[in-house]
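The values are calculated or read from the model by the stated rules, or taken from the named source; none is laboratory data. On a predicted model such as this, the values are computed, not experimentally measured, just so you know. Positions of Cβ are generated from backbone atoms using ideal geometry, with glycine treated the same way; all protein chains shown enter the neighbour counts. Side chains are part of the model used for accessible areas, which takes the heavy atoms of the whole protein and leaves out ligands, DNA and RNA. Shrake-Rupley method; radii C 1.70, N 1.55, O 1.52, S 1.80 Å.
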Amino acid sequence: MKKQTMSLAVTAALLGGTVSAYGSMYTNDRGLGEALIYPLYSAANGNDTQIHIVNTTDYTKAVKVRFIEARNSAEVLDFNLYLSPQDEWAGVVTANPAEGATGAIIRTVDNSCTVPELGTAGGANVGELAGTQTELPNGKILRDQPFVNFKYLSDADLSEDAETGLIRTTEGYIEIIEMGQLDPSFGLGNDAVHNASGVPNDCAELVAAWTTTGADVGIWDQDPQAQLLTSWMGGGLYGYGVLINVAEGTASGYDAVAIEGFNDAARPSPLHFAPGDESPSLEDATDEVVIFNDGASMDYFFDDGKDAVSALFTTIGISNDYVIDPDLNALTDWVITMPTKRFYVQGDPALPALPPFSSNWNGVTACEPVAIGVWDREEAFEPPSPDGPVFSPQPPATPGTDTVICTEVSVVTFGDGSAVNASDAIRYGFSPDYNEGWAALSFAPTLVNTTLPAGARQLTSSDGEVFEGLPATGFAVFEYVNGTLEGGSVLANYAAAVDHKTDLVISAGTAP
């Protein structure tokens, strides 16, 4: 069943500027939500990525923080974060500084409570996987927690070419999922509240709540929902990331995609799980979404949470600018992240993937053919190669090899260099004839030469409405390399991130 709701503008007017989705899940363009998706982190090739998570509410929030590698969305670290009211947690993903290390770590001097405490063993206490804590001259504690490769070691069973080393942890994306709320004036909710010196009242109590030693059973080990508010008061989280390359003198920031209504407030699911548990995930979302389109909104129902979240991100195509002018030493990358792909491509590689995807993970790749069209800034269209994808209207062409993107996070590089210094494992080169302009990347099966399996590029609701395309998000990064200022040593390089623009196509009951 789908239901028509009033227009976004009318809803906002009636609610004093606040948009209500009547219990449905939606992506909130205002930036606040119960779940956040950060399309890219990178500690590769000299990169660092600053991560910020902010609680704008008056409640203590229990939040799952999950770092996911770029090739096939294997989890490389997660922990529980307890944000007190108006609290902000910040950390940086960077290369492990240990001698001979190849992986990434999360580094922070933030005092907010985490379980496990960052910089500790956390189940991995040897060599490159050992967490460390260092007291700084200002009295703060520098906490380093390495990422781990346990979840993708089995890829070696699928392919002898599988990369199972820690180097794979250096690129990926991030999920933040709100698990519940606590009263900041009472018990464990108050333990997370910062005192006058800026330090939480008692993070050790939060760790103890998840710890059982002998006869002492932690309260959350007994009941994960203990002391959490019985009424769901979710939302109000926002986040952003900043990609930094110190050697190049560049930084570019982006906002996390905010998902509001992730949990059904009328019938909330218990989402507070132990730190060592891979739940909650995007599969645990509500099964109802609201899609805003052309000034109105429509609710759609799905069989499960993964399909519902996928619907929020499904698009038939992505558009954005590019600049590769050699006179400006300009570089452009498109970051394209598919945050739910792992739920559809984890089966037998000899079998088709689950729709809307077309190929399963084989230990190395799970490729999707795409079509790319390019225009300059004066409407000139670049004719496609006979061996490449074509856009309508199509010139005569011989079917050939499609452009493919094969990873959960894909970086499409225009020209010769990468603006985000992406590794070859997730980088896909594309060389247009024009130095600047815009491009369109299409997921439409009619625009690729590859014959796709039945149901590919189609996500179907419980009532038969078809969302066409693939679930994707991301942004473009433009970099201008000017070197150093004349007569000096100060770098004069610049970078900027711009969100992708997406097209929505829903058939058999499309939203108005």
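Count of the range 269-303 residues, restricted to those that are assigned to a loop (DSSP other than H, G, I, E, B) and open to solvent by 50 Å² or more (accessible area, probe 1.4 Å), is 10. The residues of the range 243-260 that are open to solvent by less than 30 Å² (accessible area, probe 1.4 Å) and either of a type in the set (A, V, I, L, M, F, W, C) or in a loop (DSSP other than H, G, I, E, B) (or both), listed by number, are Leu243, Ala256, Ala258, Ile259.
The residue of the range 38-69 that is farthest from Glu175 (Cα to Cα), among those that are buried (at least 24 other Cβ atoms within 10 Å of the Cβ) and among the aromatic types (Phe, Trp, Tyr), is Tyr41. When you scan the range 88-119, how many residues do you find that are outside any strand (DSSP E or B) and open to solvent by less than 20 Å² (accessible area, probe 1.4 Å)? Looking only at that region, the number is 4. Answer yes if at least one residue in the range 25-36 is closer than 22 Å to Val420 by Cα, β-branched (Val, Ile, Thr) and modelled with pLDDT of 95 or more, and no otherwise. Checking the range 25-36: not a single residue is closer than 22 Å to Val420 by Cα, β-branched (Val, Ile, Thr) and modelled with pLDDT of 95 or more. When the test is whether a residue is at pLDDT below 95 and either open to solvent by 20 Å² or more (accessible area, probe 1.4 Å) or assigned to a strand (DSSP E or B) (or both), Ala266 passes it. Listed conditions (1) surrounded by fewer than 19 Cβ atoms within 10 Å (Cβ to Cβ); (2) at pLDDT below 95 are all met by Pro389, apart from (1). Return a yes/no flag: does the range 197-217 have any residue that is touching a Ser or Thr at 6+ places or on another chain (Cβ under 7 Å) and open to solvent by 30 Å² or more (accessible area, probe 1.4 Å). The answer is no; no qualifying residue exists. Only residues that are outside any loop (DSSP other than H, G, I, E, B), of a type outside the set (Val, Ile, Thr) and either open to solvent by 30 Å² or more (accessible area, probe 1.4 Å) or out of contact with any helix residue (DSSP H, G or I) (no Cβ under 8 Å at 6 or more places or on another chain) (or both) were counted across the range 362-376, and they come to 5. Restricting attention to the range 140-191, the residues that are aromatic (Phe, Trp, Tyr), out of contact with any helix residue (DSSP H, G or I) (no Cβ under 7 Å at 6 or more places or on another chain) and in a helix (DSSP H, G or I) total 1.
Residue by residue, here is whether (1) open to solvent by 10 Å² or more (accessible area, probe 1.4 Å); (2) touching a strand residue (DSSP E or B) at 6+ places or on another chain (Cβ under 8 Å) holds:
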| position | (1), (2) |
| --- | --- |
| Pro445 | yes, no |
| Thr450 | yes, yes |
| Leu470 | no, yes |
| Glu479 | no, yes |
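Looking only at residues of the range 304-343 that are assigned to a loop (DSSP other than H, G, I, E, B) and within 19 Å of Val409 (Cα to Cα), we find that the one that is farthest from the chain's Cα centre (by Cα) is Ile316. Sub-6 Å Cβ pairs linking a first residue in the range 89-112 that is under 18 Å from Glu135 (Cβ atoms) to a second residue that is part of a loop (DSSP other than H, G, I, E, B) and hydrophobic (A, V, I, L, M, F, W, C), at least 6 apart or interchain, are Asn111/Val199, ordered by first then second residue. Determine, yes or no, whether Met233 is part of a strand (DSSP E or B), surrounded by 15 or more Cβ atoms within 10 Å (Cβ to Cβ) and either free of Cβ contacts under 8 Å to residues at least 24 places away in the same chain or hydrophobic (A, V, I, L, M, F, W, C) (or both). So Met233 does not fit the description; no.
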